[in-house]
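Just below is one structure, and these are the notes that go with it.
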Amino acid sequence: MAETDWLVDLFHKAKASHWCMSLGCTTCGSMEFRTAFVVTAAQRAGMDVSRAESRNAHPVVSKLNAEELAKVFETMIRALRALDARKVDTDGLEVLLHDLNPPMLRWGALTSLKEALKGSSVGDWYESELEWERMQRARAREREFFESPGQTVLRRAEKRAARASEHENRVHAGALRGARRTALLAELAGMNDAARLAWLAGGADGAPIDMLPADLIPTHVEPSSLDRPAADTLLRLIGARRGPWRKLRESILACLAPNSPDSSPT
Ligand SMILES: [Zn+2]
């Protein structure tokens with residue numbers, strides 16, 4: 001049996017015995033598993049300690065001097081470095097590494113856990129865990145920031161500003177339409193009846209013909225000024241409109257009946 005196999009055995013025993021391996025368990029603190037790890041490592045390091053001494057590892061560890069502590073730490077690290085992280089319960093691994101960190105404070109070892117495990121399977125796993133933790137912490141911080149009262153107020157203000165600017169854009173677009181309309185009406189007012197008729201016959205440039213004030217609607221059509229397609233366009237535009245539009249319609253229809261210029265077919 002390799003000198004590091006004790007840790008693999010410990011994981012097997014923990015699994016078979018249904019030991020709790022939940023980090024930060026508030027019921028048992030994973031005490032069984034954690035104590036077995038420290039006691040076994042101390043025994044492997046040649047120390048005369050017994051599991052029966054205590055329910056937890058603290059009394060065991062507190063009896064050791066600095067040199068012994070360093071030896072136990074070294075034994076644990078050697079076993080961890082020999083471990084295949086894919087073959088053990090990583091919850092348990094997390095619990096064990098948690099007890100080793102930080103090595104300086106807990107074991108008097110002048111190294112970081114990351115450095116001590118570097119290049120091993122467990123080391124790789126640990127680094128990916130750290131990365132994961134960093135990401136989680138960053139996310140938590142972002143969330144915290146996002147949900148902080150200041151940010152909520154800021155976001156509300158931004159929303160309000162966006163709404164206000166949307167409103168401004170709408171008003172602005174409306175004003176622009178109004179200005180165009182005013183300019184077009186001025187232009188139409190400056191035209192004579194024939195020109196306005198031509199503008200209408202041209203499809204009114206897509207403008208709604210109802211914007212034309214009643215006094216600007218030409219009501220009489222010179223037959224020579226209107227060809228058949230223009231007359232058709234006008235009749236389509238005018239539709240069933242009444243008032244001056246009806247007069248225009250009748251005038252157009254009269255033009256289309258050359259043999260009886262005064263008749264108004266209905
Ligand atoms: Zn537990």
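Rounded to the nearest 500, what is the 222 nm mean residue ellipticity of the chain from helices alone, with -39500 (n - 2.57) per DSSP H run of 4+ residues and division by all residues?
Taking each H run of at least 4 residues, the total per residue is -21000 deg cm²/dmol.
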Relative counts (whole %) of C-alpha pair distances in the stretch 191-266, using bins that are 10 Å wide: 20, 60, 19, 1
Mean separation of Cα contacts under 8 Å (6+ apart) over length of the stretch 191-266, as relative contact order %: 30
Candidates Val221, Val171, Val122: whichever shows maximal mean-square fluctuation once the chain is modelled as a Gaussian network with Cα springs under 10 Å: Val221
Estimated FRET transfer efficiency when R0 is 45 angstrom, pair Arg236-Arg163 (beta carbons, to 0.05): 0.60
Lys/Arg +1, Asp/Glu -1 at C-beta; the chain dipole; positive extreme among Ala201, Met76, Gly243: Gly243
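Quote the relative contact order of the chain in percent (integer), defining contacts as alpha-carbon pairs under 8 Å separated by 6+ residues. Mind dumping the intermediate values first?
Numbers: 216 pairs, mean separation 28.5, N = 266.
RCO, the chain: 11 percent.
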Taking all pairs of distinct alpha-carbon atoms in the chain, Kirkwood radius in angstrom: 27.0
FRET efficiency, His220 to Ala179 (Cβ-Cβ, R0 35 Å, nearest 0.05): 0.65
For the stretch 191-266, size of Cβ-based charge dipole, Lys and Arg +1, Asp and Glu -1, in debye: 240
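Treating the beta-carbon of each Lys and Arg as +1 and of each Asp and Glu as -1, no other charges, what is the dipole magnitude of the chain about its Cα centre, to the nearest 20 debye? If you can, show how the numbers build up before the last one.
Values: 37 positive and 36 negative charges, 161 e Å.
I would put it at about 780 debye.
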For the stretch 22-30, 3J(HN,Hα) per residue [Karplus equation, 6.51 cos²θ - 1.76 cosθ + 1.60, θ = phi - 60°, Hz, x = Gly/Pro]: 9, 4, x, 4, 8, 8, 10, x, 6
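Would you please give the FRET efficiency between Asn192 and Leu253, computed as 1/(1 + (r/R0)^6) with r the Cβ-Cβ distance and R0 = 35 Å, to the nearest 0.05? Let's see the in-between values first.
On the way: r = 22 Å, r/R0 = 0.63.
Rounded to the nearest 0.05, the efficiency is 0.95.
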Positive-end residue, the chain charge dipole about Cα centroid, Cβ charges, pick of Val122, Asn192, Ser165: Asn192
Dipole magnitude of the stretch 56-119, debye to nearest 20 (Cβ charges: Lys/Arg +1, Asp/Glu -1, about Cα centre): 160
Karplus (6.51, -1.76, 1.60) ³J(HN,Hα), θ = phi - 60°, over the stretch 9-21, in Hz, Gly and Pro reported as x: 4, 4, 5, 5, 5, 4, 5, 5, 8, 6, 5, 6, 10
Per residue convex hull volume, Cα atoms of the stretch 148-190, in Å³: 25
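Find the relative contact order for the stretch 1-138 and round it to a whole percent, using C-alpha pairs within less than 8 Å whose residues are 6+ positions apart.
Details: 144 pairs, mean separation 31.7, N = 138.
Answer for the stretch 1-138 is 23 percent.
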³J(HN,Hα), Karplus 6.51/-1.76/1.60, whole Hz, each residue of the stretch 78-84, x for Gly, Pro: 4, 5, 5, 5, 8, 7, 9
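Which number gives the lysine pairs in the chain that have C-alpha atoms under 25 Å apart and are eight or more places apart or on different chains? Working shown, then result.
On the way: Lys13/Lys71; Lys13/Lys87; Lys15/Lys87; Lys63/Lys71; Lys71/Lys114; Lys71/Lys118; Lys87/Lys114; Lys87/Lys118.
Close lysine pairs found across the chain: 8.
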Sequence of Lys71, Lys114 once ranked by neighbouring C-beta atoms within 10 Å, starting from the fewest: Lys114, Lys71
Virtual spin-label span in nm between Glu133 and Glu67, 7 Å along Cα→Cβ: 3.3
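Under the classification rounded if a/c is under 1.5, otherwise prolate if a/b is larger than b/c and oblate if not, where does the stretch 47-203 fall, given a ≥ b ≥ c as square roots of the Cα gyration tensor eigenvalues?
Details: a/c = 6.94, a/b = 4.40, b/c = 1.58.
Prolate, because a/c is 1.5 or more and a/b exceeds b/c.
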Convex hull (Cα only) mean projected area of the stretch 1-83, reported in nm² to one decimal: 5.7
Residues in the stretch 1-32 that a label on Lys87 would reach, taking backbone N under 17 Å of a point 7 Å out along Cα→Cβ: 1-16
Cut-off under 5 Å, modelled amide H: who pairs with Leu212 long-range: none
Selected from Pro149, Pro223, Pro59 as most flexible by GNM, with the chain as the system and alpha-carbon contacts under 10 Å: Pro223
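Every number in this text was worked out from the coordinates using simple rules, so none of it is lab data. Computed from a prediction, not measured in an experiment: that's the story for all the values here. Ideal geometry is used to build each Cβ from the backbone, glycine not excepted, and the neighbour counts take in all protein chains shown.
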